[in-house]
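S.K.: My questions all concern the structure below.
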Amino acid sequence: MLVFAYDGSLNGDWVAHYAARFASNAEDRRLRLVHVHDGSPALHLPERIERIAEECRRLGVTLEPELHVRGPKGVAERLIELVPPGRETTLICGARVRPRKLAFLAGTVSARLLGAGRFRVVALRVVQPGVLGQPGRVLLPLAGHPRGAAHALPLFRLLGGDLRRLHLLFVREASRLRVGEPSHEALEGLLENGRAFVARVEEEVRAALEPHRFTVDSAVVFSDDVAREILVQADKHRVRLICLGASRRSVPGRILRGNLLERILRDAPADVAVYRSVE
């Protein structure tokens, strides 16, 4: 089940392009739109929802809109009540379009949903509205976890044909090296290990997304600033979507200086999807 948490804003309209296209790649081609009224003015809400419905119709998607009142609980808590838990549910929501106290995610409904861990969540910050949910070139930074890109596969399946070129990036943090002055041979060995890891991820992604065909390339680099390297690579490859995996620890409940997700959300040259699977 695909659920779109729509807030009735212009930013929500931009996120809706992704939601509609995700639904067009889902097996049942249905999108459940849930709007929880938070008490703020909902300007032209029926007209906005009708525009989303029209886009869905063009894509062969059935839109199922629902309007709910927040009640005594917050918006995030109400959404958690309304959305079925489990791995079969993916909730699509948006990050802030403008930062609040330097944060795009911390303190938002989306951060609460990501932190809940009840269902899959994709929180989108749209930087380039003209992409219209069709990024084409996508960057996936890897953290070296044994699961590789497993958590990102559900998101890639939702992208479907809108994933045409995938850039895999594995940043080896120089600050984590356990040697003072590593030799050239030691560094080359670490890079080779990294390349072998990324090569396995490439094979896993290609096999998991069969029969969809897309181009994959990869890079393994050393850096003492992971966020900066991700932004450099995103600009270098002119990607239109950066996919960032989140965990309970990495989702900022409050503003933390140097938080990787917030730094990338703040300075990204492309749209950003922060995703979390059910653990």
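Where a number appears in this text, it was derived from the coordinates with a stated rule and is not lab data. Note that the coordinates shown come from a computational prediction; the quantities given were computed from them, not determined experimentally. Glycine gets a Cβ as well: all are built from the backbone with ideal geometry, and neighbour counts include every protein chain shown.
S.K.: In the Gaussian network model of the chain, springs joining C-alpha atoms below 10 Å, which of VAL138, VAL232, VAL36 carries the largest mean-square fluctuation?
M.R.: VAL232
S.K.: Can you show me the helix-derived [θ] at 222 nm for the chain, built from DSSP H runs with n ≥ 4 at -39,500 (n - 2.57) apiece and divided by the number of residues, rounded to the nearest 500.
M.R.: Values: 8 runs with 96 residues, N = 279.
Counting only the DSSP helices, I get -10500 deg cm²/dmol.
S.K.: Relative to the present Cα-Cα distance, how much length would full extension add between ALA26 and ARG164 at 0.36 nm per residue of separation?
M.R.: 47.9 nm
S.K.: Something else about it: How high is the relative contact order of the range 136-239, in percent, with contacts defined as C-alpha pairs under 8 Å that are six or more residues apart? Working shown, then result.
M.R.: Numbers: 118 pairs, mean separation 42.9, N = 104.
Once divided by the residue count of the range 136-239, the mean separation gives 41 percent.
S.K.: I need the peptides 207-216, 72-81 ranked by packing, meaning the mean over residues of other C-beta atoms within 10 angstrom, with the highest value on top.
M.R.: Highest-to-lowest ranking by the protection proxy: 72-81, 207-216.
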